[in-house]
Amino acid sequence: MMSTLRELTTEELLAPGHRMCAGCPVPTFIRMTLKALRGPAVLVNATGCLEVSTSIYPYTAWRLPWVHVAFENAAAVASGIEAGFKALMRKGRWDQKVDVIAIGGDGGTFDIGLQALSGALERGHDFLYICYDNEAYMNTGIQRSGSTTFGAATTTSPPGAKIPGKREWKKDLIAIAVAHDIPYAATASVAFWKDCIAKVRKGIEVDGPAVIHAITPCPRGWRHEPSESIKVARLAVQTRFFPLYEVENGKYRITLPVPNPLPVEELLKTQGRFRHLFKPENRWMIEAIQRWVDKNYERLLKLSQL
Amino acid sequence: MKRIGLTGDEAIAYAAKQCDVDVVSAYPITPQTIIVEKYSEYVANGEVDTEFINVESEHSALSACIGASLTGARVFTATASQGLALMHELLYIASSLRCPIVMGIANRSLSAPLNIHGDHSDMMGSRDCGWIQIFAENAQEAYDWTIQAFRLSEDPEVLLPSSVNIDGFIISHSMEGVEVLEDEAVRAFLPPRSGACAVDPRRPSTIGPVALPDYYFEFKRQQAEVMKRVPVALERVCREFNRISGRRYGKFQSYGMDGARTAIICMGSAAGTARHVAKALRGKGERVGVVKLWLYRPFPVDELVRELEGLRSVVVMDRAISFGAPFGPLCSDLIGTIHGKLPKLKVLNAIYGLGGRDITEKDVEGLYREGLRMAEAKAPMVRVKYVGVRE
């Protein structure tokens, strides 16, 4: 695996000129992802920010085969593409290995696409599923998803006089993926490119399904400066809010240990979506999030020692 | 050619087996399940070289079919009722992305209340989805149409998905003698799909983009145009199929239309009953006929107008209700078809057989009698009635 930037391919399969928002780290993340390819690949994109902003007819930002079918079925479409190429190869009507990568946002993965993803993982298709997680339905205007952090303000979990933001906790996507006994699952952050690219490559290389869950801050929805997306993504790791780890054939490994974490408050205060938590009557929520972060990291440490 | 005993479901599965399908992606649902069960047996016994994807829902079934079809594979699936309803959004996407998928549908009612028996509500709920929609009367037709549907769908002039519909239980589960072709004959009629990969990394393209008000309409307008190419291609396919099978298909099949005053128009298994009753009535000198529609979408407008020209009245049998609409779906299509072309043709719309309710000879005879009465000068132009239901 590469250890310096120079070793990366200079080929850019996501062309400039797409219409993602200023400061959105998703294109950066996708460019990293595509630099991890080992050969010909097809990308299946669930409906979402990335899809609508890169394919507005008659233009396209994609320099590799790219397919969008619907919102909840990227993993099912990927299953079909994988099976199609497999059948055609076996029957002598296709001559090259094509890697299949499905990409969806948190809405398309944690919520509406979870069934299709579970089915595809259970069936064992050889493909990589990537979730870029910006913790809400950003494409439709910042509505809460099953991935939104407890307490966060979204347009469907607004902090009101009675209810101070989202009341439910974020799902553990990797635990769900790992429960399918797949060969590879990992978290990734756009702020740690080397870790990210290495994981995407591993996910492609394993024989069978792989899942990568990447944190991609959203300046519009998280209410931070567009220039600070990478910094926020880094803070998410440094506070242990979004630990970087991988699970290879069931074996957990923290790929970027955080021995001396910053308080989660340092992350929360960078974002307007948590502003209301800093009112005296809501401070308990920050403490609750800190306890959630600590509990998850402890669990991860234990799992990585198994 | 040999004759074997097959149910409607088995006939579709047998046809798909002979069509050398590359990928099947399907989910069980009554009364279609036998199709996927039989096909799974073929896979397990090595009788076919197919990737069989046992998906977790019909939604994923059709999603995976779309993915597989884009690689250039020949793709088959089957469903019914709630399964077809769950596929709904993908039906439109499959046709819009020009995926020549073939789907067997054992037509069944829609919930609620839950009912597993045959009617056409499921397909009628999806009649505008841009698929070629074919209705077979019996197991033989189901077999023949499945093979022809692959040729038609994959025709480079067409590239649209097709559904082959059979009445749930009445046809799907009834065993009949079916004349099947030799494997080699089907292979010669339907060579493997080739050169059809839309996701070729050597020629990258963007499939399923966003198209806003400045382009979307043109996409849809072109799709409407493609539908117009189907009838010509269908004739070509049916002609060639006739050569290998001796059986001639087309957009519809008529019986007793010479000199008929009234005729029943229907789809699926009811056509057999209608023909049987027409035969008896004609024996008594009644001038009645039957038009059994094979091709429901695209609707064979001009040909039907010619076929119905001499009639005084027509009885349109709908095995579905279009709630709140003036007629059942088939009748709405027919009235649109004859408007301004056959201004004197009177129309009786008979809605029958929902949730597997039997349609009897007596019911059909009653419809013919009523059709003949409507042919009289003083009768109203249009009537809608429900047949065989407690009201």
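So which lysines can B:LYS220 reach, going by Cα to Cα under 27 Å and dropping same-chain residues fewer than 8 places off?
B:LYS228, B:LYS251
Working from Cα positions, state the angle (0 to 90°, nearest 10) between the long axis of helix A:193-205 and the longest principal axis of chain A.
Approximately 40 degrees, to the nearest ten.
Which value results when the Cα radius of gyration for the stretch A:5-304 is divided by 2.2 N^0.38 Å?
0.98
What does the accessible area per residue of the stretch B:1-137 come to in Å², with a 1.4 Å probe and no ligands, DNA or RNA counted? Let's see the in-between values first.
On the way: 3610 Å² over 137 residues.
Heavy-atom SASA per residue in the stretch B:1-137 reads 26 Å².
Which residue, B:VAL48, B:PRO326, B:PHE219, has the largest displacement toward the positive end of the dipole of chain B when charges sit on each Cβ (Lys, Arg +1; Asp, Glu -1)?
B:PRO326
Set the Förster distance to 45 Å, then compute FRET efficiency between A:SER227 and B:ALA224 from the Cβ-Cβ distance, nearest 0.05.
Given R0 = 45 Å and the Cβ-Cβ separation, E is 0.40.
What residues in the stretch B:55-101 lose 50 Å² or more of accessible surface when the other protein chains are added to their chain alone (1.4 Å probe)?
Residues of the stretch B:55-101 that lose at least 50 Å² of accessible area once the other chains are added: B:GLU56, B:THR71.
For the stretch A:33-173, max minus min Cα coordinate along each principal axis, in Å, sorted largest first?
66, 37, 24
What translational diffusion coefficient, in µm²/s and rounded to a whole number, does the Stokes-Einstein relation yield for the stretch B:140-248 at 25 °C and a viscosity of 0.890 mPa s, taking the hydrodynamic radius as the Kirkwood radius over Cα pairs?
So the translational diffusion coefficient is about 147 µm²/s.
Once the other residues with Cβ under 13 Å from the Cβ of A:GLN96 are scored (Lys, Arg +1; Asp, Glu -1), what is the net sum?
Summing Lys and Arg as +1 and Asp and Glu as -1 gives +3.
Label the stretch A:1-86 by shape, choosing from rounded, prolate and oblate, from the square roots a ≥ b ≥ c of the eigenvalues of the Cα gyration tensor; if a/c is under 1.5 it is rounded, and otherwise prolate applies when a/b is larger than b/c, oblate when it is not.
oblate
With just the Cα atoms defining each centre, how far is the stretch B:107-135 from the stretch A:164-225? Give it in Å.
With the stretch B:107-135 and the stretch A:164-225 each reduced to a Cα centre, they are spaced 40 Å.
Using alpha carbons only, what's the Rg to Rh ratio of the protein assembly as shown with Rh from Kirkwood?
Answer for the protein assembly as shown: 1.06.
Sequence neighbours fewer than 8 away in the same chain don't count; with that in mind, list the aspartates and glutamates whose C-alpha is under 17 Å from A:LYS279.
The qualifying aspartates and glutamates are A:GLU265, A:GLU266, A:GLU287.
Calculate how large, on average over all directions, the projected area of the Cα convex hull of the stretch B:226-316 is; give the answer in nm² to one decimal. Spell out each step's value before the answer.
Values: hull surface 25.3 nm².
About 6.3 nm², averaged over all directions.
Enter the mean projected area of the convex hull around the alpha-carbon atoms of the stretch A:171-271, in nm², rounded to one decimal.
On the way: hull surface 26.6 nm².
Projected over every direction and averaged, the Cα hull of the stretch A:171-271 covers 6.6 nm².
So how much accessible area does A:LEU5 have, in Å² to the nearest 10, using a 1.4 Å probe?
120 Å²
Karplus couplings for the stretch A:241-255 from phi (6.51 cos²θ - 1.76 cosθ + 1.60, θ = phi - 60°), rounded to Hz, Gly and Pro as x?
5, 10, x, 9, 8, 9, 10, 9, 6, x, 8, 7, 8, 7, 7
Quote the charge dipole size of the protein assembly as shown about the Cα centre in Debye, to the nearest 20; the model charges only the Cβ of Lys and Arg (+1) and of Asp and Glu (-1).
On the way: 83 positive and 78 negative charges, 279 e Å.
In total the dipole reaches around 1340 debye.
Can you give the accessible area buried between chains B and A, summed over both chains, with a 1.4 Å probe, in Å² to the nearest 100?
Summing both sides, the interface buries roughly 3300 Å².
May I ask you to give the solvent-accessible area per residue for the stretch A:5-304, in square angstrom, as obtained with a 1.4 angstrom probe?
The answer is 38 Å² per residue.
Please list, ordered by chain and number, the residues whose modelled amide H lies under 5 Å from the amide H of B:ALA211; skip anything fewer than 5 residues away on the same chain.
A:TYR57
Return the lysines within reach of A:LYS251: Cα separation strictly under 20 angstrom, same-chain partners fewer than 8 residues apart disregarded; answer none if there are no such residues.
The reachable lysines, counting only those whose Cα sits under 20 Å from A:LYS251, are A:LYS199, A:LYS202, A:LYS295, A:LYS302.
Antiparallel versus total DSSP beta bridges in chain A: what percent is that, nearest 5?
Just about 30 percent of them are antiparallel.
So what's the angle, to the nearest 10 degrees on a 0 to 90 scale, between helix A:114-123 and the longest Cα principal axis of chain A?
40 degrees
In Å², and per residue, what accessible area does the stretch B:252-387 have when probed at 1.4 Å with the other protein chains present?
43 Å²
Under 5 Å between amide H atoms, partner at least 5 residues away or on a different chain: which partners does B:ASN165 have, H built in plane at 1.01 Å?
Here the answer is B:ILE105, B:ILE134, B:PHE135, B:ALA136, since their amide H atoms fall under 5 Å of that of B:ASN165.
Rounded to the nearest percent, how much of the accessible area of the protein assembly as shown (1.4 Å probe, protein heavy atoms only) is carbon and sulfur?
53 percent
What are the ³J(HN,Hα) couplings of the stretch A:13-25, residue after residue, when phi is run through the Karplus curve with 6.51, -1.76, 1.60 and θ = phi - 60°? Round to Hz, x for glycine and proline.
Result, ordered by residue: 8, 9, 6, x, x, 5, 10, 5, 4, 4, x, 5, x Hz.
Using the Karplus equation 6.51 cos²θ - 1.76 cosθ + 1.60 (θ = phi - 60°), what ³J(HN,Hα) coupling, rounded to whole Hz, does each residue of the stretch B:182-199 give in order, writing x for Gly and Pro?
Going residue by residue, I get 5, 3, 4, 5, 5, 4, 5, 6, 10, x, x, 5, 9, x, 10, 6, 8, 10 Hz, with x marking Gly and Pro.
Evaluate Rg over Rh across chain B, taking Cα atoms for both radii and Kirkwood's formula for Rh.
Rounded to two decimals, Rg over Rh is 0.97.
Taking the Cα atoms of the stretch B:1-93 alone, what are Rg (to one decimal) and Dmax (as a whole number) in Å?
Gyration radius and largest Cα-Cα distance of the stretch B:1-93: 13.0, 40 Å.
Quick one: which of B:LYS284/B:LYS341; A:LYS170/A:LYS269; B:LYS38/B:LYS362 span more than 29 angstrom between C-alpha atoms?
Values: B:LYS284/B:LYS341 31 Å; A:LYS170/A:LYS269 19 Å; B:LYS38/B:LYS362 36 Å.
B:LYS284/B:LYS341; B:LYS38/B:LYS362, as the Cα separations exceed 29 Å there.
The values are calculated or read from the model by the stated rules, or taken from the named source; none is laboratory data. Here the structure is a predicted model, which is why all the values come from computation and not from measurement. Every residue, glycine as well, gets a Cβ built from its backbone with ideal geometry; the counts of neighbours run over all protein chains shown. Side chains are part of the model used for accessible areas, which takes the heavy atoms of the whole protein and leaves out ligands, DNA and RNA. Shrake-Rupley method; radii C 1.70, N 1.55, O 1.52, S 1.80 Å.
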